[in-house]
Amino acid sequence: MKKFKALLVVACALLLVAASVFGTMAYLTSTDTVTNTFTVGKVKITLDEAKVNTDGKPIKMDDSIVQNVAEAERVKENSYKLLPGHTYTKDPTVTVEAGSEASYVRQMVTVTFDKVLTDAQLATQLDGIFTGYDAKWARNDKKVETKTKDGAKYTVITYEYRYKDKVAATTTDTKLPALFTGIKVPETWTNDDLAALGNIEINIVAHAIQADGFANATAAWEAFTP
């Protein structure tokens, strides 16, 4: 009996030791973290053209005429005095800025007349006055609208020109070829023809949209909201 009690005491002592050991034991653990950092992509373009005088000659900011259009200042607008058979410099040029994602680019050329054009006038390819079209641009659409302002109606024609290639992501500014290089009023147009067309305003807007996420340019432009 005494021997059994002794064994019991020893067993209790061992249990107490075990309880003490397990009570202070720490679990083996490991922790790792993945941190995701998101930067915002961009697509950014600028549109400009060579500064010209009313005769369409390229000029510097001090209005001095230059022989090479590359020497002219770059501006956002110009004014012209149209004469039959005369050629005027006009070179709308898009630059895709550094850091832009791959993108599709287009230019919308809007020609506004101060009167409603006749069917005969509308039958003329009026965008034919633009010369030196670059083969990298393709005319995709033409829209004719009759609008009203202050009770007077007038005609607006919008031409869409798409850059044929997808513009790759850029690390430096990427200048695309000019849509066209000039304006030339056909020699067959008389002063009466020009008077019949009325005053003309040409407005050009460039658009760019990311290429990623779209099967092609058509799908991208269908989703585009100016």
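Tabulated results
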| quantity | calculated |
| --- | --- |
| Accessible-area value, residue 145, 1.4 Å probe, nucleic acids and ligands omitted, Å² | 60 Å² |
| Accessible-area composition of region 113-219, carbon plus sulfur, in percent [1.4 Å probe] | 47 percent |
| Local electrostatic count, residue 52, Cβ distance below 13 Å [Lys/Arg +1, Asp/Glu -1] | -1 |
| Accessible surface, per residue, of region 140-226 when the full set of protein chains is kept, probe 1.4 Å, Å² | 60 Å² |
| Rg/Rg_ref, region 40-86, where Rg_ref = 2.2 N^0.38 Å and atoms are Cα | 1.46 |
| Rg followed by Dmax, in Å, when region 122-166 is reduced to its Cα trace | 13.8, 43 |
| Overall form of region 73-226 per C-alpha gyration tensor (a/c, 1.5; a/b vs b/c) | prolate |
| Inter-label distance, nm, simple model (7 Å from Cα along the C-beta direction), residue 65/residue 114 | 2.7 nm |
| Average projection area in nm² (convex hull over Cα atoms of region 42-119, one quarter of hull surface) | 8.0 nm² |
| Full-stretch length increase - residue 195, residue 127 - with 0.36 nm per residue and alpha-carbon distance subtracted | 22.7 nm |
| Projected label distance in nm at residue 77 and residue 153, using a 7 Å step from Cα toward the beta-carbon | 2.8 nm |
| FRET efficiency for residue 212 and residue 144, using Cβ-Cβ distance with R0 set to 22 Å, rounded to 0.05 | 0.05 |
| Rg(Cα) / (2.2 N^0.38 Å) computed for region 89-145, rounded to two decimals | 1.46 |
| Residue (of 189, 215, 133) at the positive-pole extreme of region 130-226, dipole from beta-carbon charges | 215 |
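The values are calculated or read from the model by the stated rules, or taken from the named source; none is laboratory data. Quick caveat, the model's predicted, so the values are computed rather than measured. Heads up, the Cβs are rebuilt from the backbone with ideal geometry, glycines too, and the neighbour counts pull from every protein chain shown. We work out accessible area using only protein heavy atoms, side chains counted, and drop any ligands, DNA or RNA first. Shrake-Rupley method; radii C 1.70, N 1.55, O 1.52, S 1.80 Å.
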